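Student: I am attaching a structure below and will ask some questions about it afterwards.
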There are 2 protein chains.
Amino acid sequence: MTMIRFAPTGTALAWDDWVAQRLRQMEAWLAAHLPADAPAGLAQAMRYAVLDGGKRLRPLLALAAWEAVVPGDEQADPEPTDVVWAAAGAVELIHAYSLVHDDLPCMDNDVLRRGKPTVHVRFGQAQALLAGDALQALAFEWLTAPPWAAQRPALAVALVRELAQAAGAHGMAGGQAIDLACVGRRIDRAALEDMHRRKTGALLLASARMGALAGQADSAALEAVSAYARALGLAFQIVDDVLDATGDTQALGKTAGKDAAADKPTYVSLLGLEAARACAEAQLEQALAALQALPAARVQRLVDVAHWVIRRRH
Amino acid sequence: MTMIRFAPTGTALAWDDWVAQRLRQMEAWLAAHLPADAPAGLAQAMRYAVLDGGKRLRPLLALAAWEAVVPGDEQADPEPTDVVWAAAGAVELIHAYSLVHDDLPCMDNDVLRRGKPTVHVRFGQAQALLAGDALQALAFEWLTAPPWAAQRPALAVALVRELAQAAGAHGMAGGQAIDLACVGRRIDRAALEDMHRRKTGALLLASARMGALAGQADSAALEAVSAYARALGLAFQIVDDVLDATGDTQALGKTAGKDAAADKPTYVSLLGLEAARACAEAQLEQALAALQALPAARVQRLVDVAHWVIRRRH
C-alpha cells in the first residue's frame, strides 16, 4: 500500500491511528469485493485502477460522517457496518472510474496517476474505457448487496440515488464538461465555483451524506454534515489548485503544473496564490462551524478530515 | 422519429399497432426524462445519443415481459406504470451509453450509428465519453425515482441490482473486453457464445427480467421469462451477425460488413450463413417453448417480439 504522509493536526496521534486502521480495513474490503475473475483481463485493469493508491479521502469522509451520527457509545470508535463499507467503497469506485476516464488521451491525456502509469498506459485505451464503465456499474451493485440492502431497502435506494445524482450530468460529469469547455477561456469566480461544486464537490458531498444516511442521521444532522461537506469540497479544490501550482510531481504522485500547462482556469490563476490559500482557510472555518449543530463528542473525525484536507501536501 | 419497418408476423396488425403506440410513449417518456439543461452541452450530447433512433428492442422487451405477468384484465393491453417505464428507459440508457463508448476511436472507431453521425463525430470524443458516463449514472437515478421507488424500495433495489450486474464486469463490459481480445483470433463456438451471452445477452436478459419484476412476477414466471430471454438474446446476436454479413449500410443504419473487416469471429464466420440462420430459428423455437410456462393469453407480446427479432432486416 502506498504510504501516506499526514500533516500534524490538533489530535495528530489519534487521527493517525484511526486513519491507518480505516485505510487498512478499506483496502482489504476493496480487495475482497472487486472482481478477481472478470473476462479478458478486465478484472486486472479494474483492480489496478482502484487498489494500492490514492488518499481515500471520499471513503474516509463517509466513515467519519457515519461516526458523527451513528447511534451508540460516544467514547469508542464504533466498528463500521456492512452498509457504511459499501457506501465508502462505492464512492471510491466512482472516483477511481472518473480518474481512469479523465486520464484518457481524449480528455487530459495523462500518463501518471497515484505514482503509477495510468490505466490506459498500462492496459490500453479500450480496456481503460471498459474498466471505468465497469467500475461505475459495480458501485451501484455494491449499494444493493444482500443481506443489508434486502433488510433496509429504503436506505439502499437513498444511497443509489445520492450517488447517481452526484456522478451524473448535473454533478461530476457535468463539472467535467464545463472543465473541457473552459480550457483557454477566462471565467469568473462564480463560474469556477460552479464547475468545482459539480466536478469534485458533488461526490465529496455525496460521500459525507451517504455516510450519514448509513448512520441513520436525522434531517438536522444530515443538513449539518451536508453544510460541512460543501465547504470542505470547495476547500479541497482550492488546495488542489495550490498544490498543482506549487507541488512537485513526485510528491503529488501525478503530473504537477498541468492546469497551467493546459491553460485551465484555477483559483490560483484567478485569485493569486496567497488569496487562494486564505480562501481555503476561510472554507475550513465554515466547514468546522457547520459541525456545531452536531454533538461535540462525535465530530472529531470530521474535524480531523477537514484539517487533513487543508494541510495536505499531495 | 425514425420510421421502423416491421417484418410480418402471425399477428402483424395488432403487433404493429401495439409497438407503434409503445414506441411513441417511450420516446415521449425519454424526451421528458433526459436532462434538458446539463452544463456545457452535455445534455445535448446525451439526448442525441438516446433520442430519435434505434429499434428500442430492450424497452419493448421490458414492456412485453411486464404485460406477460402483471396482474389484471387479460384482454386489454394494460397501461404501463411509472415503474415499468423507468425500467424500460433505464435499459435503453445503458444500451445507448454502450454504443457511444463502443463507437469511440479507441474501440470500434465507427462514424455511423442509427443512420446518423456517431456522438463523438458530432460532439467530440471527450464529450462523447462524458455523455456515456452520465447516461449510465442516469439509468440508476431513474430506477430510484420517487414516488414509486419510495413506495416499493425492495423492487427498486432489485431493479438496480439486475441492471448493475448486467452492465458490469461479468456482463456487458466483460463481453466487450472478450470482444476486444478476440480480434484476429480463432475462437470456438462455446467461447463465441460466452462472449455474446455477456456482451448483448446480459442486458437483453435484464430487460425482460426487470419488466417481469416490475410486473410482480412470481419466481416461476420470472424463470420462464428468463429462459425465453436467454434464447432470444442468442438468436438476436446470430441475426446481427447474419445482417452484418448480408445487409447494406443504409438499411442497417450502421456500417455493414464491419465484423469481417475487423476480422472478428461471428456465427457466420464460424458456422457459415445457412447454419447460422438455422441456429437462430432453433433459438426462436426454444424461446417460444419457454413461454409455455406462462398463461397463454398473456404471452402474445413476447411471442411477437421474438418473431420480430428473428425476421428483422436491420
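The values are calculated or read from the model by the stated rules, or taken from the named source; none is laboratory data. Because the structure is predicted, anything quoted here is derived from the model rather than measured. In this analysis, Cβ positions are derived from the backbone assuming ideal geometry, glycine residues included, and neighbour counts consider all displayed protein chains. With ligands, DNA and RNA removed, areas are computed over all heavy atoms of the protein, side chains included. Shrake-Rupley method; radii C 1.70, N 1.55, O 1.52, S 1.80 Å.
Student: Over chain A, what is the relative contact order in percent, taking alpha-carbon pairs closer than 8 angstrom and at least six residues apart?
Tutor: With pairs under 8 Å counted, the relative contact order is 23 percent.
Student: To continue, here is another question. Where a ≥ b ≥ c are the square roots of the eigenvalues of the C-alpha gyration tensor, would you call the range A:12-311 rounded, which needs a/c under 1.5, or, failing that, prolate if a/b is larger than b/c, or oblate?
Tutor: Oblate, since a/c reaches 1.5 and b/c is not below a/b.
Student: Mind checking the dipole of the protein assembly as shown: about its Cα centre, +1 per Lys or Arg Cβ, -1 per Asp or Glu Cβ, Debye to the nearest 20?
Tutor: With only Lys, Arg, Asp and Glu charged at Cβ, the dipole is about 820 debye.
Student: Further, regarding this structure: Leaving out ligands, DNA and RNA, and with a 1.4 Å probe, what % of the accessible surface on the protein assembly as shown is carbon or sulfur?
Tutor: Carbon with sulfur: 53 percent of the solvent-accessible area.
Student: Moving on. Where the centre of each part is set by its Cα atoms, how far does the range A:190-248 sit from the range A:38-93, in angstrom?
Tutor: 17
Student: Rank B:54, B:84, B:153 by how far each Cα sits towards the positive end of the charge dipole of the protein assembly as shown (+1 on Lys, Arg Cβ; -1 on Asp, Glu Cβ) and give me just the farthest.
Tutor: In the protein assembly as shown, that residue is B:54.
Student: For the rotation taking B to A, I'd like to know which residue in chain B has the C-beta closest to the axis, plus that distance in Å.
Tutor: In residue-and-Å form, the answer is B:153, 2.
Student: Name the long-range amide H neighbours of residue B:112: under 5 Å, sequence gap of 5 or more, or other chain; modelled H, no Pro or chain starts.
Tutor: B:118, B:255
Student: Something else about it: How high is the relative contact order of the range A:113-232, given as a whole-number percent (alpha carbon pairs under 8 Å, six or more residues apart)? Numbers along the way, then the final one.
Tutor: On the way: 78 pairs, mean separation 24.1, N = 120.
Answer for the range A:113-232 is 20 percent.
Student: Another question, then. In the range B:96-110, what residues drop by 50 Å² or more in accessible surface going from the chain by itself to the full protein assembly, probe 1.4 Å?
Tutor: Flagged in the range B:96-110: B:106.
Student: If you don't mind, another one. Ordered shortest first, which distances in nm separate the 7 Å Cα→C-beta label point of residue A:183 from those of the other copies?
Tutor: 2.4
Student: How many nanometers, to one decimal and shortest first, lie between the label point of residue B:122 and those of its other copies, if labels sit 7 Å from Cα toward Cβ?
Tutor: 3.6
Student: Right, here's the next one. Per residue of B:33-40, what is the mean number of Cβ atoms on other protein chains within 10 angstrom of that residue's Cβ?
Tutor: Partner Cβ neighbours, averaged per residue: 5.
Student: Tell me, what is the 1.4 Å probe accessible area of residue A:123, in Å² to the nearest 10?
Tutor: My reading of the accessible area for residue A:123 is about 60 Å².
Student: Once the piece of chain linking residue A:273 and residue A:154 is laid out straight, how much longer is it, given 0.36 nm per residue of separation minus the C-alpha distance between them?
Tutor: 38.3 nm
Student: Also: Considering only protein heavy atoms, what is the solvent-accessible area of residue B:264 at a probe of 1.4 Å, reported in Å² to the nearest 10?
Tutor: Surface open to solvent at residue B:264 totals about 30 Å².
Student: Taking Cα centroids, how far is the range A:120-144 from the range B:122-155 in Å?
Tutor: For the range A:120-144 versus the range B:122-155, the Cα centre distance is 16 Å.
Student: What are the ³J(HN,Hα) values, in whole Hz, obtained from phi via the Karplus relation 6.51 cos²θ - 1.76 cosθ + 1.60 with θ = phi - 60°, for each residue of the range B:154-171 in sequence order, with x given for Gly and Pro?
Tutor: 5, 5, 4, 4, 5, 5, 4, 5, 4, 6, 5, 5, 5, 7, x, 4, 8, x
Student: Here is the link list: A:55/A:258; A:116/B:199; A:55/A:116; B:55/B:264; A:116/B:264. Which ones come out longer than 22 Å on Cα distance?
Tutor: Numbers: A:55/A:258 20 Å; A:116/B:199 30 Å; A:55/A:116 14 Å; B:55/B:264 24 Å; A:116/B:264 33 Å.
Check vs 22 Å cut-off fails for A:116/B:199; B:55/B:264; A:116/B:264.
Student: Still on this model: Show B:37, B:241 ordered by accessible area, largest first, where the area counts protein heavy atoms only and the probe is 1.4 Å.
Tutor: Per-residue accessible area, sorted high to low, gives B:37, B:241.
Student: In the range A:67-87, which residues have a backbone nitrogen under 11 Å from the label point lying 7 Å from residue A:297's Cα in the Cα-to-Cβ direction?
Tutor: Counting backbone N atoms under 11 Å from the label point, the list is A:72-76.
Student: Now, a different point. What are the nm distances, shortest first, from residue B:77 to its equivalents in the other copies, labels at 7 Å along Cα→Cβ?
Tutor: 6.0
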